[in-house]
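Everything on this sheet refers to the single structure shown next.
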Amino acid sequence: MWYVIPHKEQHGMSLRPIVVALTLGVALLSGCGSGEDTTGAADASTVDTSADSTEGSTKPAVSGVVDDHDEDIDHEWDDSDVSSIWLTEKTASAEGDGASIDGSVVTITSAGTY
Amino acid sequence: MSGTLGVGRIVVDADSDENVRLILNGADIANSTTSPFVVDNASEVMVVLAEGTTNTLSDTAGYVFADAETDEPDAALFSTADLTIAGTGTLVVDGNFNDGIASKDGLVIAGGTIDIDAADDAVHSNDTITITGGDSTLASADDALHADANIVIDAGTITVTDSYEGIESAIITINDGDIDITSSDDGLMRPLAMPPAPRWGVLEPNRPARASTSCTSTEAPSASTPRVTGSTPTGWR
């Protein structure tokens, strides 16, 4: 089942709410005042206001580049479906037809677990 | 996959919509003229480190490319597809040519004890790196973790024993995890245009990296804003 999931669509949907919540939380936590600010209190508050007001438009772009293709189901497989590959110093051998051997090069050409 | 290839190579060349899971169950693969482990084509590849096993990928500085226009693969574990490292075993990567582990797409470290020594970046992605577990020990001549777009650390232990810059990306988000960075330059770095004074972008060595230190940029938050949230990286120096 893992093999046929079009993961690009799937992870994008599930991740977005988490990232948006996270980045909004960061904005609230970033209370400022690290000592680097030489622009004065008025400027700082102006920056904060504008920053908060742009959260909605800027954060989806940020979350969109987070690529969390790894999903829980990816970590589950049936041991009986595993095709063994044995490496024997200068060559190799493999179960099934998903992997081909050419000298010391093992090429996996099909979806599956090896 | 188990055993040793003294001079050999593992290649994944599946269809673009196919996922491949490779369980390293005590595999030791070395190559002297190219990468010992390359993903040429797939949708996703997961490398699982089997419990109780130690697996090794090693190359040399003497890569030979097909022609003058080709400069890839250039890492001991090189992927053109989404790559995930998982499991509870150990992976030792000795990258003598360039990077240790590199993906041109997304890269997730979900588990494993990972020990990388690289001539350039220890872990490199042309897109994103997401770390959700594992215990990584990284030594690099350049960046320990480098992603062009985004690095997110949610969990895991990351120990950078040697680096020029520890973690470099346009956006760095540390939500949790136990992170210890030794760098000769910046511990955390974004390689984009800096505001007049270093505020958001550069957290220098010897300066604690906390959320409260990175908040007074005159720039509005943007896609190029690094964020340090949650736990404080320990052992900052």
Query - Simple label model, 7 Å out from Cα along Cβ direction - A:I73 to B:D67, nm - result: 4.1 nm
Report task. Quick one: which residues, 5 or more positions from B:T137 or on another chain, have an amide H under 5 Å from its amide H? H modelled 1.01 Å from N in the peptide plane, none for Pro or chain starts. Result -> B:I114, B:D115, B:I116, B:T159
**Report entry** Mean-position separation - Cα centroids, segment B:58-74 and segment B:102-120, in angstrom
**Finding:** 19 Å
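In nm, what is the difference between 0.36 nm times the number of residues separating B:T33 and B:D178 and their Cα-Cα distance?
Full extension from B:T33 to B:D178 adds 48.6 nm.
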**Report entry** J(HN,Hα) series, segment B:4-11, from Karplus relation 6.51 cos²θ - 1.76 cosθ + 1.60, nearest Hz, glycine and proline x
**Finding:** 10, 10, x, 9, x, 7, 10, 10
Report task. First check a/c for segment B:1-98, with a ≥ b ≥ c the square roots of the eigenvalues of its C-alpha gyration tensor; if it is under 1.5, answer rounded, and if not, answer prolate when a/b is larger than b/c or oblate otherwise. Result -> oblate
Report task. Would you mind computing, in nm to one decimal, how far apart the modelled labels at A:E89 and B:A141 are, each placed 7 Å from Cα along Cα→Cβ? Result -> 3.2 nm
Query raised in the report: On full extension of the chain, what length is gained from B:E51 through B:N96, given 0.36 nm per residue of separation minus the C-alpha to C-alpha distance?
Result: 13.5 nm
Report summary line: Fewest-first ordering of A:D70, B:D162, B:D15 by Cβ atoms within 10 Å yields B:D15, B:D162, A:D70
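Values in this text are rule-based calculations from the coordinates and carry no lab data. The shown structure was predicted, so the numbers you read here are calculated from the model rather than taken from an experiment. Backbone-built Cβ (ideal geometry, glycine too); neighbour counts: all protein chains shown.
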